[in-house]
């Protein structure tokens with residue numbers, strides 16, 4: 001027997017007791033003002049796979065460079081080259097790994113996620129500068145659904161970036177692309193999530 005079977009409206013039932021509760025603000029069963037049951041729809045579900053970049057090669061150094069075609073950063077497509085940085089090199093925002101969008105030069109990561117047409121989604125990720133780039137401005141571009149946004153950073157501390165969009169298709173590209181070319185260190189990214197219905 002659960003609590004709903006025990007207390008119904010303003011009268012305790014189901015235990016062989018029949019006295020009224022006073023001063024509890026109860027309502028009579030069937031009263032239109034009775035609170036509705038909670039819905040079964042969950043909100044805020046992350047639809048990105050491997051959002052913390054933890055499913056990546058362990059490597060034997062402080063970081064591992066991955067190039068176009070590499071499949072070891074699970075569920076992410078790599079453009080040009082990036083670094084998977086280990087906690088011995090750069091303290092991640094969470095877990096044990098983070099990404100530098102510059103490997104040998106400007107690179108990118110992307111993932112196509114399932115979306116519901118017309119539904120709202122929130123993209124969140126943390127950005128910092130890689131160890132050798134602290135104090136130097138590095139920049140990148142985010143592609144998220146029908147929109148793009150440019151951002152930059154100079155600090156070695158992690159800061160949250162948030163973007164929202166309404167899906168226009170049943171699948172949506174999420175892409176982070178370095179726009180700091182010709183250098184081997186760029187923006188660090190960690191904990192990228194896309195929350196939707």
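The values are calculated or read from the model by the stated rules, or taken from the named source; none is laboratory data. Quantities reported herein were computed from a predicted structural model and do not represent experimental measurements. Heads up, the Cβs are rebuilt from the backbone with ideal geometry, glycines too, and the neighbour counts pull from every protein chain shown.
Details
- Test set (1) surrounded by fewer than 18 Cβ atoms within 10 Å (Cβ to Cβ); (2) modelled with pLDDT under 95; (3) touching a strand residue (DSSP E or B) at 6+ places or on another chain (Cβ under 8 Å) - residue 134 fails condition number: (3)
- So residue 193, is it assigned to a strand (DSSP E or B) and closer than 19 Å to residue 85 by Cα: yes
- Restricting 148, 122, 168 to residues that are surrounded by 15 or more Cβ atoms within 10 Å (Cβ to Cβ) and more than 16 Å from residue 189 (Cα to Cα) narrows the list to 122.
- Filter pass, residue 163 being touching a residue at least 60 places away in the same chain (Cβ under 8 Å) and either surrounded by 14 or more Cβ atoms within 10 Å (Cβ to Cβ) or assigned to a loop (DSSP other than H, G, I, E, B) (or both): no
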